[in-house]
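Below: the structure, in structure tokens.
The values are calculated or read from the model by the stated rules, or taken from the named source; none is laboratory data. Bear in mind that the values here come from a model prediction, so they are computed numbers and not experimental data. Don't worry about glycine lacking a Cβ; one is built from the backbone with ideal geometry, like all the others, and counts go over all protein chains shown.
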Amino acid sequence: MKKLVALLIILAACFSLNNNSTFSQPQLKVHVTGGYDLPLPDLKGTYPTDTNSMFQKSGFNVGADVKYYLGKKRNVGITLGGSYNAFTSGDVTMTNPNGVGVQKMNILAVALGVEYNFMPKGKTQPFLGLEFTGNFFSGKRTFTPTSGTASEQTMKSASRFGVQIGGGVDFKLSKSVGAVLGVKYNLANLIGKDSASTTVANEFTLTDKEYTVGATTIKSKNLSYIQIYAGVSFFFNEPKKMVKK
């Protein structure tokens, strides 16, 4: 992820060298985004090899955020945002019993943090941010046997707290509208891991804390993923006058 962030900053710097004019930094930015999620171990895994895994293979995200910048330079901002992340294992061939299983996991993440803008007056504005997150998990498992009736289990809703760090570039297409491209690393269950089970029929729990069954110890899981996104930027409260170089 560090390489991706560094690449975004380098690209932004190259574009900025070719700018003929600069803009005053808007005090308020709003982004609407969407993109691809890449699950990492222990969220990612292959059945049945990766026993300490949630077996997710891919995902997508949609989200929005608001950024409010402080001071005269307006290069430090407070950020508030949210994203919906949907993961899936895809079709998994299973034995004993024979059939096809699919496990899906959804994470609704709400984030509050700080951001630093490296070039607040440029048409291209690279940034880095750190956020504290509240993560709300849901999901389901579906099993379709080779012969017989399909069955489904629903995940009991769970909440965890974590952090995300990322960077990106805002491209100003006009004084009020632009585009954004970025990447984030999300550790969704830094705080609040649990191994509680459930007695409700057709329900399962998010067991990410270490626990023991008989003589077997199941290790705790770190549920993390990389979020790659792009979207539209809206800029507010910017001086009308453009500053010439």
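Worth pointing out:
- The single condition from (1) more than 30 Å from Lys209 (Cα to Cα); (2) at pLDDT 90 or above that Pro120 fails is (2).
- Flag if Leu80 is surrounded by fewer than 18 Cβ atoms within 10 Å (Cβ to Cβ), farther than 30 Å from Ile218 by Cβ and more than 18 Å from the chain's Cα centre (by Cα): no
- Some residue of segment 176-189 being without any contact (Cβ under 8 Å) to a residue 60 or more places away in the chain, within 29 Å of Thr212 (Cβ to Cβ) and either of a type outside the set (Phe, Trp, Tyr) or outside any loop (DSSP other than H, G, I, E, B) (or both): yes
- Some residue of segment 37-60 being small (Gly, Ala, Ser), more than 14 Å from the chain's Cα centre (by Cα) and either surrounded by fewer than 18 Cβ atoms within 10 Å (Cβ to Cβ) or more than 21 Å from Ile107 (Cα to Cα) (or both): no
- Counting only strands (runs of 3 or more DSSP E) that sit completely within segment 34-148, those holding 3 or more residues that are among the charged types (D, E, K, R) correspond to 124-145.
- Close pairs from segment 53-77: first under 20 Å from Gly101 (Cα atoms), partner aliphatic (A, V, I, L, M) and at pLDDT below 95, Cβ under 7 Å, at least 6 apart: Phe55/Val92
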